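Below: the structure, in structure tokens.
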């Protein structure tokens, strides 16, 4: 099969045999792929030691069903600003693991690819801001069609107006109106409004969550994500371990 060039974010790398590596990739052109990089642990000429998680690369690759075959890679960037701070490394790893779990094999998703690249660029170039994770997650879920309903009750379908009380079902990542969610915990209206604002703007850093609203938003988003996971996210456990 002929090889072609594509752009990719490395989602994960695993050593394979004596000199090879298995690589999970999110490519702009082909979506998620799994590939083998022959001799990657020894060949400085073809792979230059850049097959690292969340590196952005230009690849020479033969795409096929099952395992594609990598013939070479050149760096676009390895995001050095991320790699200098543990908290940024943890969040970049989380974004990549989330993408690896949610994306099906094959099938391009340029919008989601651009979101992941934008988040990595934000982590790389700007001071760390916890609000950026919520911005990434709500837009990630929205692009895939999984985002929680923020302005309509999931039970009756009725509109929830700005400032109206919402009731929270944390385990399912769902919001209910006051009538349907009697006895449930009140969800801060500000958290819902800020998440809606994050969906209306395409720019990281444009929406800042106060601490209480951020806790609410993250609990809602964590529940919505967990409802679609095949297995727990190791990177999320690490984020909680380091206290973000």
Give the residue, chosen from 229, 221, 196, that is part of a helix (DSSP H, G or I), more than 12 Å from residue 168 (Cα to Cα) and in the same structural domain as residue 150 (by TED's automatic domain parsing). 196
So if I check each of 165, 211, 232, which one is out of contact with any strand residue (DSSP E or B) (no Cβ under 9 Å at 6 or more places or on another chain), surrounded by fewer than 16 Cβ atoms within 10 Å (Cβ to Cβ) and over 17 Å from residue 102 (Cβ atoms)? 211
Considering 216, 244, which residue is modelled with pLDDT under 90 and either surrounded by 13 or more Cβ atoms within 10 Å (Cβ to Cβ) or not assigned by TED's automatic domain parsing to the domain that holds residue 168 (or both)? 244
Counting only residues that are in a loop (DSSP other than H, G, I, E, B) and either buried (at least 20 other Cβ atoms within 10 Å of the Cβ) or touching a strand residue (DSSP E or B) at 6+ places or on another chain (Cβ under 6 Å) (or both), how many does the stretch 67-89 have? 1
Condition broken by residue 92, with the remaining ones in (1) buried (at least 21 other Cβ atoms within 10 Å of the Cβ); (2) modelled with pLDDT under 90; (3) closer than 29 Å to residue 137 by Cα satisfied: (2)
Return the total of residues in the stretch 137-182 being over 18 Å from residue 223 (Cβ atoms) and either part of a loop (DSSP other than H, G, I, E, B) or touching a helix residue (DSSP H, G or I) at 6+ places or on another chain (Cβ under 8 Å) (or both). 12
Within the stretch 184-196, identify whether any single residue is under 15 Å from the mean Cα position of the chain (by Cα) and buried (at least 18 other Cβ atoms within 10 Å of the Cβ), and answer yes or no. no
Working only within the stretch 214-226, note down all residues that are out of contact with any strand residue (DSSP E or B) (no Cβ under 9 Å at 6 or more places or on another chain) and under 18 Å from residue 98 (Cα atoms). 217, 218, 221, 222, 225, 226
Inspect the stretch 48-66 for any residue being assigned to a strand (DSSP E or B), under 17 Å from the mean Cα position of the chain (by Cα), within 18 Å of residue 117 (Cα to Cα) and at pLDDT 95 or above and give the result as yes or no. yes
Pull up the stretch 137-162, narrow it to residues that are under 18 Å from residue 193 (Cβ atoms) and out of contact with any strand residue (DSSP E or B) (no Cβ under 9 Å at 6 or more places or on another chain), then point me to the one that is modelled with the lowest pLDDT. 162
For the stretch 104-126, state whether one or more residues are over 30 Å from residue 64 (Cβ atoms) and in contact with a strand residue (DSSP E or B) (Cβ under 8 Å, 6 or more places away or on another chain). yes
Can you tell me which residue in the stretch 123-148 is surrounded by the most Cβ atoms within 10 Å (Cβ to Cβ), limited to those that are free of Cβ contacts under 8 Å to residues at least 40 places away in the same chain and closer than 24 Å to residue 100 by Cα? 143
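The values are calculated or read from the model by the stated rules, or taken from the named source; none is laboratory data. Every value quoted in this text rests on a predicted model; they were computed, and no experiment measured them. FYI the Cβ positions are ideal-geometry reconstructions off the backbone, even for glycines, and counts take in every protein chain you see.
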